[in-house]
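The values are calculated or read from the model by the stated rules, or taken from the named source; none is laboratory data. All values reported here derive from a predicted model rather than from experimental measurement. Every residue, glycine as well, gets a Cβ built from its backbone with ideal geometry; the counts of neighbours run over all protein chains shown. Note: accessible area is taken over every heavy atom of the protein model, side chains too, but ligands, DNA and RNA are not part of it. Shrake-Rupley method; radii C 1.70, N 1.55, O 1.52, S 1.80 Å.
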Amino acid sequence: MSKDLYKTLGVSKTASSDDIKKAYRKLAMQHHPDRTKGDKKSEQKFREATEAYEILMDDQKRAAYDRYGSAAFEQGGFGNQQQQHPGGGFGFAGGQHGGFGASFSDIIDEMFGDLGGSAQADAFQQPGSDIRYNLEISLEEAFRGTTARVKYATGVACDPCKGTGSDGGAHPVMCPTCSGRGKTRLQQGFFTIERACHSCGGSGRMVSNPCRSCNGTGKTRREKNLEVKIPPGVEDGTRIRVSREGDAGLRGGHPGDLYVFLSISTHRFFKRQGHDIYCKVPITIITACLGGEIDVPSIDGSHVGIKVPSGTQSGHQFRVRSKGMSVIRNHARGDLIVEVTVETPVNLTKKQKEILKQFDETMQKEPNNPQSSGFFAKVKDFWEELGNG
């Protein structure tokens, strides 16, 4: 420590504490290792500036330096041994300011004090949590839209203290434990440990006279009953956000939001796929063979006539335009897809069976079953190829 500490900081010997602090702040922000990224010269300047700051900011150390110079700190002369950090930095064991870590932290606190104040205010007035509400609606309600009434219990602003948490709505006071900083410091050797203040929870402020109704939290639990508008065309899993209807914040913090998650119940006729609606309709074997007309329902409650041509196969689909689901925020609609399934008659009488046998005999002479005839012809060829024909 042979250099002139005043010259190191660039101040005169008559400089005030504020002048020394300003000079160190400028040098520390310029040469701190986090900013210089391995620049050895900057690291050295930072160590020298920190050493000078530690001594000149302490009245007793400064007086000793002014009288004896660097000799006052050599060989333990002033009861302060220089110690090297594992990472290469330097600090002082003991002393008023507790090493370069505390010094630099002081500088940062002063430079960004306004930001720290905002963070403390946020910690005091904590925002409320969001709430999820699961709501099941019918497919018809999803098609036309509806207004649903939801009922749920949540935290609301306390009426007696108007959400402040303080009896009579009085303003919070500065925390006496941390003097409003929201954090406390503990010096352990050349390490400085900062923790959130246990008294104020890191907010820097406290309620001096807590409200008896809410115990100082600024909120109480109550049941809410709201109407939520559900637009036409919503899908399963749609999330509707209701702003500021969630849990109330602590001590006047803004409330969270209510999220209504929609699920659509299973319909007895219809199945939705996107904007289209599918409907399976059984038809008799006679209608499938001879053709005819069937009447099917639509999601809007109207009747839809479907002409079934003769020879219709099971699984055939008929598309009816603009008879499907509503499209959200649009006047368009999807389609209605009608899929027919040919039903095989059961519990036949003896006479019906005889008629079908006679009918089957006539079918052997005419190619009336192209699908089955073609399939079994391919099977016969397959077996012959394997030598099993």
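For Ala15, the stated conditions hold: it is aliphatic (A, V, I, L, M), under 17 Å from Asp59 (Cα atoms) and in contact with a helix residue (DSSP H, G or I) (Cβ under 9 Å, 6 or more places away or on another chain). Under the condition of being of a type in the set (Lys, Arg) and either touching a Gly at 6+ places or on another chain (Cβ under 7 Å) or free of Cβ contacts under 8 Å to residues at least 40 places away in the same chain (or both), which residue from the range 328-363 is nearest to Pro282 (Cα to Cα)? Per the stated criteria, the residue is Lys353. For the range 338-359, the criterion of a residue being open to solvent by less than 60 Å² (accessible area, probe 1.4 Å), modelled with pLDDT of 85 or more and under 30 Å from Ile230 (Cβ atoms) is satisfied by at least one position. Do we have Val156 as within 30 Å of Asp276 (Cα to Cα) and either in contact with a strand residue (DSSP E or B) (Cβ under 8 Å, 6 or more places away or on another chain) or among the hydroxyl-bearing types (Ser, Thr, Tyr) (or both) here? The answer is no for Val156.
The range 18-69 holds helices (runs of 4 or more DSSP H) entirely within its bounds, and those carrying 1 or more residues that are among the hydrophobic types (A, V, I, L, M, F, W, C) map to 40-56, 59-68. Residues that are under 60 Å from the mean Cα position of the chain (by Cα) and among the aliphatic types (A, V, I, L, M) within the range 339-358 comprise Val340, Val342, Val346, listed in sequence order. Of all residues in the range 258-285, how many are over 32 Å from the mean Cα position of the chain (by Cα) and of a type in the set (Ser, Thr, Tyr)? So the count comes out to 2. The strands (runs of 3 or more DSSP E) found wholly in the range 270-327 and carrying at least 2 residues that are open to solvent by 30 Å² or more (accessible area, probe 1.4 Å), closer than 29 Å to Gln371 by Cβ and in contact (Cβ under 8 Å) with a residue 12 or more places away in the chain occupy 276-284, 292-297, 303-308, 317-320.
Just so you know, in the range 7-54 the residues that are basic (Lys, Arg) and in contact (Cβ under 8 Å) with a residue 40 or more places away in the chain include one that is most open to solvent (accessible area, probe 1.4 Å), and it is Lys13. Looking across the range 55-86 at every residue that is in contact with a helix residue (DSSP H, G or I) (Cβ under 8 Å, 6 or more places away or on another chain) and either of a type in the set (D, E, K, R) or loosely packed, with under 14 Cβ neighbours inside 10 Å (or both), the one that is modelled with the lowest pLDDT is identified as Gly77. Could you list, ordered by first residue, the pairs with Cβ atoms under 8 Å in which the first is in the range 364-389 and under 30 Å from Cys289 (Cβ atoms) and the second is modelled with pLDDT under 75 and surrounded by 10 or more Cβ atoms within 10 Å (Cβ to Cβ), at least 6 apart or interchain? Between residues of the range 364-389 that are under 30 Å from Cys289 (Cβ atoms) and residues that are modelled with pLDDT under 75 and surrounded by 10 or more Cβ atoms within 10 Å (Cβ to Cβ), the close pairs are Pro367/Ser373.
Among residues of the range 55-66 that are on the phi < 0 side of the Ramachandran plot, those with a Cβ under 7 angstrom from a residue that is polar (S, T, N, Q) and surrounded by fewer than 22 Cβ atoms within 10 Å (Cβ to Cβ), sequence gap 6+ or separate chain, pair up as Met57/Ser17; Asp58/Gln96.
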